Amino acid sequence: MSTKRCYYETLEVDRNADETKLKAAFRKLAMKWHPDRNPGDATSEVKFKEINEAYEVLKDNDKRAAYDRYGHAAFEQGMGGGGPGFGAGFASSFSDIFEDLFGMAGQRRSGGRERGADLRYNMEITLEEAYLGKTAQIEIPVSVTCESCSGTGAKAGTKPKTCSMCGGAGRIRQAQGFFTLERTCPGCQGRGQMIEDACPSCSGSGRVTRERTLSVNIPQGVEDGTRIRLAGEGEAGVRGGPSGDLYIFLSLTQHAFFQRDGADLHCRVPISMVTAALGGEFDVPTIDKGKTKVKVPAGTQSGRRFRIASKGMPVLRSRQTGDMYVQVVVETPQNLTKKQQELLTEFEKLSSGATQPEAVGFFSKVKDFFGTRTGT
Ligand SMILES: [Zn+2]
Ligand SMILES: [Zn+2]
């Protein structure tokens, strides 16, 4: 899958090409590589398929956004299995393109077959789940092929009849002056067949709604907005058409302790003024439910970040792992006792500028500033 060409390269457009440009590029290339124009040439067939696939993705704003973000990985089936890139939907998009380009509407649409709709399922997962990956069971209402009639829509024991108006073509031709117009057959709505006795289970639609339990594999390292495609798990096609796909849209819940930035994790840890001044060590929880020691050197300033290598998130479909960053925030003590106040006052008296590097820099800047403004 990783050897796939970039969709933009395939269509010979640049990444910010708009819809019009995309369509023009697609038309040009599809015309050039169409198998009918290159009979018996296997390369052109492959090219034509690539062009179609790229266009299918890029013409759809959602798919294009997902592709821009995740590349081909956005459309590969979860993990392990790795379904064929665009297996299920291909036949139908192929025919749409065919119609679009060559005005051959209807000829490829045998018996009113239609591809089933794609389904979207929103799933929320925690950061820990994204870290570990998981297998989730989901229940989705999907319309599936009716078993009673095997999707034909005709009552058991009967068969759909060839439409008498169009003779099964699904289209009828009408002469109008010099022209012959072709349109969808009103008798069968383009299916080419008529159902006299509708199947009682599905009222003739050929599909019924079922709750299906699906097991979805969430790979390690998924991010907010990651989309997982389960090919062929969408709605059943109409009258034997291919099923649509199921897309799982993942969103991550906010974590109480960690903020995620790509593969890196960030957290803030308060430390006392004394620890910051004298140095010390403390434990910080890690995303793998363990903990790690952070060593703070003497004289640590508030806001300083410490990097802990490889304690971040796994990178989707790779062996890499991000890092964890611990930012210390020095806390100013409150509600001091009299004794503490005295000690701090004493401390202040003993302090020279050298103990406060920031302040020294700051006050010298202030001095320069006022010096130049009033300096006449
Ligand atoms: Zn039925
Ligand atoms: Zn008809």
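The values are calculated or read from the model by the stated rules, or taken from the named source; none is laboratory data. Bear in mind that the values here come from a model prediction, so they are computed numbers and not experimental data. Reconstructed Cβ throughout: ideal geometry from the backbone, glycine too, with neighbour counts over all protein chains shown. Side chains included, ligands, DNA and RNA excluded: accessible areas come from the protein's heavy atoms. Shrake-Rupley method; radii C 1.70, N 1.55, O 1.52, S 1.80 Å.
Quick notes
- Taking the chain as a Gaussian network of alpha-carbon nodes connected by springs under 10 Å, the highest mean-square fluctuation of the residues Ile195, Ile218, Ile125 belongs to Ile195.
- Cα centroid separation, region 1-42 to region 143-187 (Å): 34
- Range of Cα positions in the chain per principal axis (Å), largest first: 106, 55, 39
- Distance (nanometres) between label positions extended 7 Å along Cα→Cβ at Glu9 and Gln174: 5.1
- Left without a cysteine partner by the 4.7 Å Cβ rule in the chain: Cys6, Cys267.
- Our summary gives region 1-50 a relative contact order of 25 percent, counting only alpha carbon pairs under 8 angstrom and 6 or more residues apart.
- If you sort the three axes of the alpha carbon gyration tensor as a ≥ b ≥ c, you get a/c of 1.5 or more for region 294-340 and a/b above b/c, which makes it prolate.
- For His255, solvent-accessible area (1.4 Å; no DNA, RNA or ligand), Å²: 40
- Under a Gaussian network description of the chain, with springs only between Cα atoms under 10 Å, the residue in Lys134, Lys338, Lys291 that fluctuates furthest is Lys338.
- Region 120-185 shape via C-alpha gyration tensor axes, a/c threshold 1.5: oblate
- Close amide H pairs (under 5 Å, H built 1.01 Å from N) link Phe306 with Val326, Gln327, Val328, residues at least 5 positions away or on another chain.
- If you sort Val366, Val284 by accessible surface, 1.4 Å probe, largest first, the order is Val366, Val284.
- For the chain, the longest principal axis of the alpha carbon atoms and the long axis of helix 87-102 meet at an angle near 60°.
- Applying 1/(1 + (r/R0)^6) with R0 = 41 Å to the Cβ-Cβ distance of Ser272 and Thr209 gives a FRET efficiency near 0.10.
- The chain: angle of helix 42-58 to the longest principal axis, Cα-based, in degrees nearest 10: 60
- Top of Pro160, Pro186, Pro357 by mean-square fluctuation, Gaussian network on the chain, Cα under 10 Å: Pro357
- Taking every alpha-carbon pair under 8 Å whose residues sit at least 6 apart, region 224-376 reaches a relative contact order of 17 percent.
- Using θ = phi - 60° and Karplus 6.51 cos²θ - 1.76 cosθ + 1.60, couplings along region 181-198 (whole Hz; Gly, Pro as x): 9, 10, 9, 4, 5, x, x, 10, 6, x, 7, x, 10, 10, 10, 8, 10, 6
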